[in-house]
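What follows is a short report on a single structure.
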Amino acid sequence: MKLVLSEEQRELREAVRGFLRTASPLPKARDGYDPKVYARLNGELGLSGLIVPEEYGGAGAGLSELAVVLEETGAALLPGPFLATAFTALALTATPDKELLTGIAEGRVAATLDQGELSFDGSAASGTLPRVLTGMEADVLVAPAPSGEGGGKVLLAVELAGPGVRRTALEPLDLTRGLAEVVLESAPARVLGPAPQAGVGDRLCVALAAEQLGVMRAALESIVAYAKVRVAFGRYIGSYQGVKHKLADMHGKLEQAESIVRYAAWAADESPEELPEAAALAQAYVGRACFEVARDHLLLHGGIGYTWEHDAHLFYKRAKADEVLLGPPRIHRARLAQLLEL
Amino acid sequence: MKLVLSEEQRELREAVRGFLRTASPLPKARDGYDPKVYARLNGELGLSGLIVPEEYGGAGAGLSELAVVLEETGAALLPGPFLATAFTALALTATPDKELLTGIAEGRVAATLDQGELSFDGSAASGTLPRVLTGMEADVLVAPAPSGEGGGKVLLAVELAGPGVRRTALEPLDLTRGLAEVVLESAPARVLGPAPQAGVGDRLCVALAAEQLGVMRAALESIVAYAKVRVAFGRYIGSYQGVKHKLADMHGKLEQAESIVRYAAWAADESPEELPEAAALAQAYVGRACFEVARDHLLLHGGIGYTWEHDAHLFYKRAKADEVLLGPPRIHRARLAQLLEL
Amino acid sequence: MNLADYRRAAGAWLRDNAPSEDPPEADGIARAKDFMAKLYDAGYSGITWPKQWGGQGLTQAEERAFAEAARDHTLPTYVFMIGLGMTGPTLVDRGTDAQRERFIRPLLRGEEIWCQLFSEPGAGSDVASLQTRAERDGDHWIVNGQKVWTSVAHHADWGLLLARTDVDVPKHKGLTMFVVDMHHPGVTVRPLKDMSGRANFNEIFFDNVTVPDEHRVGEVNDGWSVAVTTLLHERLSISAGVGMGGQKDNPASVEALRQVVDTGDPLVRDELVELHIRTRALALFNQRLAQETRAGIFPGARGSAAKLLLAELTMFQADLATRLAGPEAMLADHPLARAISTAPGMALGGGTNEIMRNIVGDRVLGLPPEPRVDKTVPFKDLKVGTQA
Amino acid sequence: MNLADYRRAAGAWLRDNAPSEDPPEADGIARAKDFMAKLYDAGYSGITWPKQWGGQGLTQAEERAFAEAARDHTLPTYVFMIGLGMTGPTLVDRGTDAQRERFIRPLLRGEEIWCQLFSEPGAGSDVASLQTRAERDGDHWIVNGQKVWTSVAHHADWGLLLARTDVDVPKHKGLTMFVVDMHHPGVTVRPLKDMSGRANFNEIFFDNVTVPDEHRVGEVNDGWSVAVTTLLHERLSISAGVGMGGQKDNPASVEALRQVVDTGDPLVRDELVELHIRTRALALFNQRLAQETRAGIFPGARGSAAKLLLAELTMFQADLATRLAGPEAMLADHPLARAISTAPGMALGGGTNEIMRNIVGDRVLGLPPEPRVDKTVPFKDLKVGTQA
């Protein structure tokens, strides 16, 4: 089991962190998706191809490396289709498609994966997907449809800028990441292959937990920094045990969350039989911990944290949106009960 | 709805509190049951007859008054069969028995109620009851048995000092209240009447919650007093927010617990249709809150609270024993779900 | 007239005169003012306030009777709440006769709207560390500075302003209270959006705003004691309101949630049970406080425990409800997304949870105070606001 | 010998020599001493300690290799833990050569048992406020006072004693460290029962106990700096042990509970899931700390976060387990009743949860310290212990 970052992983982290610090500081995250930043992320840092196999032009790295990156994009609340594209690439590890993977690896294609089932007539897809992650920003939608043979399912790819597609931007709780309603009416669609049976959902859980780890780390750093400069009654508020002890508890959650994310990413890469439990654990623990830390970081800011101008609510809302992104959190607990054979 | 004590109820509280302060201080509670204190409680204060109807020589008071008394016996961790006798008297409100009620009202008879089912041949009872509350101290056991007719049940009374009864004192977690294994082998038994169908269990829930309210109040008072005299790093520990804020949260639990106990006792006396939900609420909230307060009161005492000599563990163990006395706490939550028709 | 008759009469008047629905936002203020005038003329505004200044000179008993009758209606009195609950009572207690004469009656009749100007960006929980200056200039004062978290300021005619008049003494000793004309040049009101995107309060900037000395409330440098009066009235009106709203319109209540979640799942049922338990526990505590108040037992700082519990419950239930709802709650206009976006407000308005715990610890449990480092230092040497 | 060989050899030696089961209490000490002597003679006691004083002079790597081999055995080394983990390392760091010569080898060979004498009834978390006095009398010191929470003192030959030697200076500046002979007349050891009824520690009374000045460790009035060394070693040995025991013999573990509770009830299953989540979260954190340590990243105060989490988990799981068990847990000899009776010990030994949170806040997060009122006052004027 590997719970400590390697030298290379630490370098990757520093590179992404350094890039985002200047390219996408928080005030910019409020303005939403910036295609130029996304292009540089993929161009200069090659991140969209990170987990794409080398045969498709990617770096062939594992979920452990992707987790390092997602922690940083999470901490920066980076808007745009990075997570959705990573989700799609994870789905395509089980259903590899040269055209799409190559496009993702080269940074040409932003994709989004949705679990909502489409209908498919052999060449065109129809259906309504009510909340597609970064649906306005993505170029390609990947979603399942019945294969028509023996009750199986296939994965379809649909060009979102193509005919038969109607997209409506929705107002998301989380200002820093878009959602769209996507209505397909006989939109040309391409079969990528059979829909993956298992494992992809687990990988999404781990990837999301890595982002959540970044969100909670940045939220904790923000309130710790504030507690060192904000004065009330003649003392820094961080010197009051009422604040200090809460922050210490938040730190304990962060330490445990990081340990779980490292473990689950390692399991995805190296120990597939441990992955299902590790993935459910990651969502069950990290999802909750992330919201709790983001909540307390906001509350401890006092009145200023309640204002629109302050960044605290951006973390709080991202944490809440992430907590429910893959379904009501109880499904991860139910999965754990099942995997533990309780 | 009546949530505030009446003048008479406040006087009753002061009388019981004053009596117990001198007759049964905490160092004495460690030594276990003192029949002389129990006799005075029933004699001078007439408490065993408090809820016995007037026609059987009691005061005919309600559960609201009993709750006031149980809060005080709980706060004093009074050892002995007071609670068990009160439980029995509550059961007998549905199955009145002149002999037993008169004996209880006069303070001659200490009784205990058990839910374990006995076998009964028409004149003698047999069976093993593994954990009878104050089974060594009680004179009479009341427990259900099949009536033999149509699947109904009857309530039996068994003289515990009589033939066919073997009692073994058990070592209880809660030092201040005894438990006994009671084995009946053809012990002479008397039918009191049909076992009550409903409502008795709810009344036991409310009575126990009143005791728990007293336990948590006394535990909170104890740690608040300590926080005002104990010094660490040159300051009273109660001046540290780490301690102060915990105590404030404990106070909030106490306020809510008291409100629920008053409400549930009022419902038992005045609004029977509200009783089931109020009783389940009382155990679900007050049982948990009592243990949490007792736990934190012990932990906040620091090392001294971990010693045998200190009283903190007496409250902690009583709180835990009370929490499970009427069954695993989840049964009260399950009952609430059912009553709310969720 | 006995109390029952009083209540009946109030009920009858309200049935005839209370508006049947919320007026449209646009002419809300005009209609609210009309209603207040009618209310005043009927003798139901300022029920316990002194007759001499325009009140009815009656007792808490009549006020309570009217409040009970009013519970069946939604009265458009929101913009008058600061005046009626805080600044008006302060003037009654601490103002000059001239001030009372000038301000109380228009306030009670709804002719003039008030706001309260205490908090600043660097002085929230710790109001006494505020930095807005008032400097004497003959029989006037010149005010410069910034206030924040000011409700209804964009409608206000007058504001009760706490300002620093001496920086060479400890922070509590150099403050003075004023009534400031909100229409005066140099007063800028900027709406401040809260995290849910709504503009529920304002920032106010003072740029050389002149205040006549006759609008000073209390002695020079004795403003803190006046502010304590105001804050006491604020706390009373908050604690009276705590739990009042109830769960009726709350999309995260057990009643609302049971309509939309899968109660066939035992775990979901148990979550609703937990919410029911906490909701009932706090509701019963609030009812007990109300019954005690009616019985003459003043809740005092115990109201802060109720406020703390309400803040925690509000957060707990919005959080729980969004988890039950799942991905639907990711859309901003979902009722539960709105609930989670406004939930922190209950903790951050009227004193943070930490301040509430201090109050309960100090005043209810009588615990020893935190050692204070800010009570003896001259203000100019004191650390305040946000600094390294 | 390379590390793998070292580990193999240690494993082989332990298979041949480690006792197969716990010895009966009565001759436990004698057999423990026999085992330590064998362990020492085989070169496995004091692996990293200097050769000069009787250690093996090897590195952390060998010590870790031995610890891994030892994980399969239960070694009877409990009574030597204070000596090996705290007082011995303190003497190595801060003792005189004569003290090291006299004490280290017998300690490593298990001939002499040590205890640590810091805490007092009035000085627990705040050790530096202790009141036990040592007064100079020529080339001796006379000790009077009382210590508490002393593990293994009833078996101890020597104790490391922190005593006050000057009351006219601030509390940290008037302390001196000594080695005291536990067999000296005037030393009374009284077993102290913990709340579970077991005598796991002792109170020690000193009544005119003489200590030669050559048994002083460090300079006069410099005892606090020596104590900091000891406490550092204590914290290291605690944080190394944190999570080590694991959940194997814990009656409140998920594995134990699933055998005895009704997992057909979805709510019970979900409780076990919650316990699993918390247990795994902490276990993985401990494993990460261990991996970091191996990689040369010293955990430092982060170990206090792990200790805090372990204390909370221990209480959470005993509490949860007794709730699941129901009325059976009312009997003292039920495994879960024992679990709930000992659960607070994890929070109260080695620093309360509040102290741990202070450490994490101050040293891990770098938060500003609490203002200190006890650092400059002469000890005789300082409030300590329990007083009104």
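The values are calculated or read from the model by the stated rules, or taken from the named source; none is laboratory data. Every value quoted in this text rests on a predicted model; they were computed, and no experiment measured them. Glycine gets a Cβ as well: all are built from the backbone with ideal geometry, and neighbour counts include every protein chain shown. Each accessible area value is taken on the protein alone, full model and side chains, heavy atoms only, with ligands, DNA and RNA left out. Shrake-Rupley method; radii C 1.70, N 1.55, O 1.52, S 1.80 Å.
Enumerate the strands (runs of 3 or more DSSP E) found wholly within segment C:122-181, keeping only those where 1 or more residues are away from chain A (no Cβ under 14 Å), without any contact (Cβ under 8 Å) to a residue 40 or more places away in the chain and more than 23 Å from C:F103 (Cβ to Cβ).
C:133-137
Assuming D:V373 fulfils every condition listed in (1) of a type in the set (A, V, I, L, M); (2) in contact with a helix residue (DSSP H, G or I) (Cβ under 9 Å, 6 or more places away or on another chain); (3) within 21 Å of D:Q131 (Cα to Cα) apart from one, which condition is it?
(2)
With respect to the numbered conditions (1) in contact with a Leu (Cβ under 7 Å, 6 or more places away or on another chain); (2) farther than 17 Å from C:V179 by Cβ, which one is the sole condition not fulfilled by C:L117?
Checking C:L117 against (1) in contact with a Leu (Cβ under 7 Å, 6 or more places away or on another chain); (2) farther than 17 Å from C:V179 by Cβ, the one that fails is (2).
If you scan segment C:48-86, which residues turn out to be farther than 15 Å from C:G11 by Cα and β-branched (V, I, T)?
Across segment C:48-86, the qualifying residues are C:T48, C:T59, C:T77, C:V79, C:I82.
Among the residues of segment D:100-110, which ones are open to solvent by 10 Å² or more (accessible area, probe 1.4 Å) and outside any helix (DSSP H, G or I)?
D:R109
In segment A:224-233, what residues are among the β-branched types (V, I, T) and at the interface with chain C (Cβ under 7 Å from one of its Cβ atoms)?
A:V229, A:V231
Among all residue pairs at least 6 apart or on different chains, which show Cβ distances below 8 Å where the first residue, located in segment A:1-27, is within 12 Å of A:L41 (Cα to Cα) and the second is among the basic types (K, R) and open to solvent by 50 Å² or more (accessible area, probe 1.4 Å)?
Matching pairs, first to second residue: A:F19/A:R40; A:A23/A:R40.
Among all residue pairs at least 6 apart or on different chains, which show Cβ distances below 7 Å where the first residue, located in segment C:83-99, is assigned to a helix (DSSP H, G or I) and the second is among the charged types (D, E, K, R)?
C:G85/C:E234; C:M86/C:E234; C:L91/C:R100; C:V92/C:R100; C:A98/C:E214
I'm told D:I113 meets every condition in (1) buried (at least 24 other Cβ atoms within 10 Å of the Cβ); (2) of a type outside the set (S, T, Y); (3) within 14 Å of chain B (Cβ to nearest Cβ) except one. Can you identify the failing condition by its number?
(3)
For segment C:182-195, which positions are open to solvent by less than 40 Å² (accessible area, probe 1.4 Å) and in a loop (DSSP other than H, G, I, E, B)?
Correct list: C:M182, C:G186, C:M195.
Look through segment C:1-21, keep the residues that are surrounded by 11 or more Cβ atoms within 10 Å (Cβ to Cβ) and in a loop (DSSP other than H, G, I, E, B), and return whichever of them is modelled with the highest pLDDT.
C:A18
Out of all the residues in segment D:137-154, which are open to solvent by 10 Å² or more (accessible area, probe 1.4 Å) and out of contact with any Ser or Thr (no Cβ under 9 Å at 6 or more places or on another chain)?
Answer for segment D:137-154, where residues must be open to solvent by 10 Å² or more (accessible area, probe 1.4 Å) and out of contact with any Ser or Thr (no Cβ under 9 Å at 6 or more places or on another chain): D:G138, D:D139, D:S151, D:H154.
Which pairs turn up if I take residues in segment B:234-255 that are within 12 Å of chain D (Cβ to nearest Cβ) and look for partners that are hydroxyl-bearing (S, T, Y) with beta carbon separation below 7 Å, at least 6 apart in sequence or on another chain?
B:Q241/A:Y240
Mind checking which residues of segment B:326-342 are more than 7 Å from every other protein chain (Cβ to nearest Cβ) and in contact (Cβ under 8 Å) with a residue 60 or more places away in the chain?
Residues satisfying the conditions are B:L326, B:H332, B:L339.
For segment B:193-234, how many residues meet the condition of being in a strand (DSSP E or B), under 18 Å from B:D114 (Cβ atoms) and open to solvent by 20 Å² or more (accessible area, probe 1.4 Å)?
Total satisfying the criteria: 1.
Can you confirm whether D:P185 is within 14 Å of chain B (Cβ to nearest Cβ) and not small (G, A, S)?
It is false that D:P185 is within 14 Å of chain B (Cβ to nearest Cβ) and not small (G, A, S).
Does at least one position in segment A:295-310 carry a residue that is among the hydrophobic types (A, V, I, L, M, F, W, C), outside any helix (DSSP H, G or I) and within 9 Å of chain C (Cβ to nearest Cβ)?
yes
Does A:V261 satisfy the condition of being at pLDDT below 95 and under 19 Å from the mean Cα position of the chain (by Cα)?
When the stated conditions are applied, A:V261 does not pass them.
Which count do you get for residues in segment C:116-136 that are open to solvent by less than 70 Å² (accessible area, probe 1.4 Å) and of a type in the set (D, E, K, R)?
Number of matching residues: 2.
Go through the residues of segment A:269-282 one by one and say whether even a single one is more than 8 Å from chain C (Cβ to nearest Cβ), part of a helix (DSSP H, G or I), surrounded by fewer than 21 Cβ atoms within 10 Å (Cβ to Cβ) and touching a Gly at 6+ places or on another chain (Cβ under 6 Å).
Scanning segment A:269-282 turns up at least one residue that is more than 8 Å from chain C (Cβ to nearest Cβ), part of a helix (DSSP H, G or I), surrounded by fewer than 21 Cβ atoms within 10 Å (Cβ to Cβ) and touching a Gly at 6+ places or on another chain (Cβ under 6 Å).
Does segment A:167-174 include one or more residues that are of a type in the set (S, T, N, Q) and assigned to a strand (DSSP E or B)?
yes
Quick check on C:T229: is it within 14 Å of chain D (Cβ to nearest Cβ), modelled with pLDDT under 95, farther than 23 Å from C:F285 by Cβ and surrounded by 16 or more Cβ atoms within 10 Å (Cβ to Cβ)?
When the stated conditions are applied, C:T229 does not pass them.
Take C:V217 and decide whether it is closer than 30 Å to C:E328 by Cα, modelled with pLDDT of 95 or more and more than 14 Å from chain A (Cβ to nearest Cβ).
So C:V217 fails the test.
Which residue, of D:D181, D:D168, D:D157, is over 26 Å from D:A30 (Cβ atoms) and out of contact with any Ser or Thr (no Cβ under 7 Å at 6 or more places or on another chain)?
Result of the check over D:D181, D:D168, D:D157: D:D168.
Count, please, the residues in segment C:259-278 that happen to be farther than 20 Å from B:R330 by Cβ and at the interface with chain B (Cβ under 7 Å from one of its Cβ atoms).
So the answer is 0.
Limited to segment A:315-338, what total is found for residues that are open to solvent by less than 30 Å² (accessible area, probe 1.4 Å), assigned to a loop (DSSP other than H, G, I, E, B) and touching a Leu at 6+ places or on another chain (Cβ under 8 Å)?
1
Got a sec? Which helices (runs of 4 or more DSSP H) wholly within segment D:279-388 have at least 2 residues that are within 8 Å of chain B (Cβ to nearest Cβ), farther than 23 Å from D:F201 by Cα and modelled with pLDDT of 95 or more?
Answer list for segment D:279-388: D:302-325, D:353-359.
Could you please let me know if B:E323 is at the interface with chain D (Cβ under 9 Å from one of its Cβ atoms) and in contact with a helix residue (DSSP H, G or I) (Cβ under 8 Å, 6 or more places away or on another chain)?
Yes: the conditions hold for B:E323.
For segment A:144-153, how many residues meet the condition of being surrounded by fewer than 20 Cβ atoms within 10 Å (Cβ to Cβ) and in contact (Cβ under 8 Å) with a residue 12 or more places away in the chain?
Final tally of qualifying residues: 5.
Do we have C:L39 as open to solvent by less than 20 Å² (accessible area, probe 1.4 Å), on the phi < 0 side of the Ramachandran plot, modelled with pLDDT of 85 or more and in contact with a His (Cβ under 6 Å, 6 or more places away or on another chain) here?
No, not satisfied.
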